[in-house]
Amino acid sequence: MITRRERKKRETKERIFNAAIKLFKEYGFEATTIDMISEEADVARGTIFLHFTSKEAILANWGYERLQEIEDRREEWDFGDSCKQRVLRIYKILNEVNIQNYDFLKVLIESSMKHRKVLESEKKNMYFELRELFADLIEDAQEKGRLKSKINPLIAANMLENIYYNALYDWVRSDGGWPLEEIMEEKVSIVFEGLDVSAQS
């Protein structure tokens, strides 16, 4: 059971995050200042730095929340024998939020292209965490004889990770007109054709 103090701390962090996202959408990442976020969230400037080390850290928090959501919703994707379907169900959960937050995602992706700190501002990197999740799924399937064992799971996971982030980038660059889920599924199918044990040489 969380304490009242811990609950208040989480609420403050969420208020800061939501205020920042609102401002990023309205004014853009670069034009938004810590003082603007402080005023919008109705907290002291110093309070922001108790929760986030920088504006970049606020953006990076979005990725960590998505990964936490994947873990919280594990029962929605972690079932059945197919590793490919698990990956596609993870993509589906992530894309539900992406589609609902297109304006913010555009800010996030455009900012991350200009500021590498967006993805490096925290000790753990959200890219690596997603890759590790995919690698664990692939390795599990390999141990059960469902995927080729000779393929390095981290390399295959990196390909799946790149499919996801590159598809998001192309989708944003097309102003949301690119067939996001369709293209992701097609590319994932190609990867798993190479992993399929029935194609063992």
Revision key, fill the gap. Classified through the alpha carbon gyration tensor (a ≥ b ≥ c as square roots of its eigenvalues; rounded if a/c is under 1.5, else prolate when a/b is larger than b/c, else oblate), the range 141-201 comes out prolate
Review point. Out of every Cα pair in the range 1-77, what percent are spaced more than 14 Å from each other?
Key: 64
Review point. How much mean residue ellipticity at 222 nm does the chain get from its helices, if each DSSP H run of length 4 or more adds -39500 (n - 2.57) and you divide by all residues, to the nearest 500 deg cm²/dmol?
Key: -24000 deg cm²/dmol
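Measure up K13/K84; K9/K84; K92/K144; K8/K55; K8/K92 against 28 Å on the Cα-Cα distance and list the ones that go over.
Cα-Cα > 28 Å for K13/K84; K9/K84; K8/K92; rest within.
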Point to revise | Under Karplus coefficients 6.51, -1.76 and 1.60, residue-wise ³J(HN,Hα) of the range 149-158 in Hz, glycine/proline x | key: 7, 7, 8, 5, x, 5, 5, 5, 5, 4
Revision key, fill the gap. Shape call for the chain, from the Cα gyration tensor axes a ≥ b ≥ c (a/c under 1.5 means rounded, otherwise prolate when a/b beats b/c, else oblate), comes out prolate
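Quick note: the coordinates plus some simple rules give every number you see, no bench work behind them. None of these values were measured; they are calculated from a predicted model.
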